1. Looking only at residues in the range 199-218 that are of a type in the set (Gly, Ala, Ser) and part of a loop (DSSP other than H, G, I, E, B), which one is surrounded by the fewest Cβ atoms within 10 Å (Cβ to Cβ)?
2. When you check Pro51 against the structure, is it modelled with pLDDT under 80, open to solvent by 20 Å² or more (accessible area, probe 1.4 Å) and outside any loop (DSSP other than H, G, I, E, B), yes or no?
3. Looking at Gly87, Gly118, Gly108, which one is within 26 Å of Glu166 (Cβ to Cβ) and either free of Cβ contacts under 8 Å to residues at least 12 places away in the same chain or in a loop (DSSP other than H, G, I, E, B) (or both)?
4. Could you list, in sequence order, all residues of the range 156-192 that are touching a strand residue (DSSP E or B) at 6+ places or on another chain (Cβ under 9 Å), over 21 Å from Arg77 (Cβ atoms) and among the small types (Gly, Ala, Ser)?
5. Quick check on the range 189-196. Is at least one of its residues in a loop (DSSP other than H, G, I, E, B) and hydroxyl-bearing (Ser, Thr, Tyr)?
6. Need pairs with beta-carbon distance below 7 Å; first residue within 18 Å of Asn161 (Cβ to Cβ) and within the range 201-218, second among the β-branched types (Val, Ile, Thr); sequence gap 6+ or separate chains.
Amino acid sequence: MIALVVVLVAAAGFAVHHFWTGRAQPVSVPEVVRAAAPEEAAGSSAAGLEPDAGPSAATVAGASGAGIVVDVSGKVRNPGIHRLPAGSRVADALRAAGGIRPGVDPTGINRARLLADGEQVVVGAPAAPGGNGSGGSAGSAGSAGTGAGTGATAAGPIGLNTATAEQLDTLPGVGPVLAQHIIDYRTEHGGFRSVDELREVNGIGDRRFSDLQNLVRP
């Protein structure tokens, strides 16, 4: 009897425990996070953006800073118009143009000179009378090993009807290929009657003609 009572009591206790743990539990509504007031949100945004406002303005100002545009022609690998940062020097312009062509003597070029917007840098052109100050030229840099051509250029305009390919190669913007085109035209047409006939040579456009017209003669 005692054992039966113990069993019944244990069973009753287990049933009560099972019932108690299996009962429905009250569900509490989660607390809603209070939305920040408009004034606080505006204050936080302003506080977050204020440290970056200064650098952004500086970046925009730097991006819109003025650069310079220079025309590099003559004995360089990539003659033409080049855009450079403000404060650039002749060395920067030569670097942008691919550097001076092999065999050209850079002795007369002032690589440290500051450039101005719209300036022309000519490599290999005959020195202008009175020195290196006119036209923004980088200086006279004749081809090494072509002493006859350099001498003819220094003495005056080159004769289109008598110049050799080496002499023509000393002209700004004229390389071996264009020099041969000039000689071929001269041979085919019996010589040049005027400097204006240079326009008819293959490879010479208006811009190149304007660079050459004062450096040559028929």
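The values are calculated or read from the model by the stated rules, or taken from the named source; none is laboratory data. These numbers were taken from a predicted model, which means no experiment stands behind them. Don't worry about glycine lacking a Cβ; one is built from the backbone with ideal geometry, like all the others, and counts go over all protein chains shown. The area values use the complete protein model at the heavy-atom level, side chains included, leaving out ligands, DNA and RNA. Shrake-Rupley method; radii C 1.70, N 1.55, O 1.52, S 1.80 Å.
1. First pass over the range 199-218, keeping only residues of a type in the set (Gly, Ala, Ser): 203, 205, 210.
Next, only the ones that are part of a loop (DSSP other than H, G, I, E, B) stay: 203, 205.
Numbers: Gly203: 14, Gly205: 9.
Applying the filter and picking the extreme gives Gly205.
2. Working: modelled with pLDDT under 80: yes; open to solvent by 20 Å² or more (accessible area, probe 1.4 Å): yes; outside any loop (DSSP other than H, G, I, E, B): yes.
Yes.
3. The unique qualifying residue is Gly108.
4. Matches in the range 156-192: Gly156, Gly159, Ala163.
5. Kept after step one, since they are in a loop (DSSP other than H, G, I, E, B), are these residues of the range 189-196: 190-194.
After this cut, where a residue has to be hydroxyl-bearing (Ser, Thr, Tyr) as well, the list is 194.
Yes, because at least one residue in the range 189-196 is in a loop (DSSP other than H, G, I, E, B) and hydroxyl-bearing (Ser, Thr, Tyr).
6. Matching pairs, first to second residue: Val201/Ile182; Gln213/Val195; Leu215/Ile158; Val216/Ile158; Val216/Val195; Arg217/Val195; Pro218/Val195.
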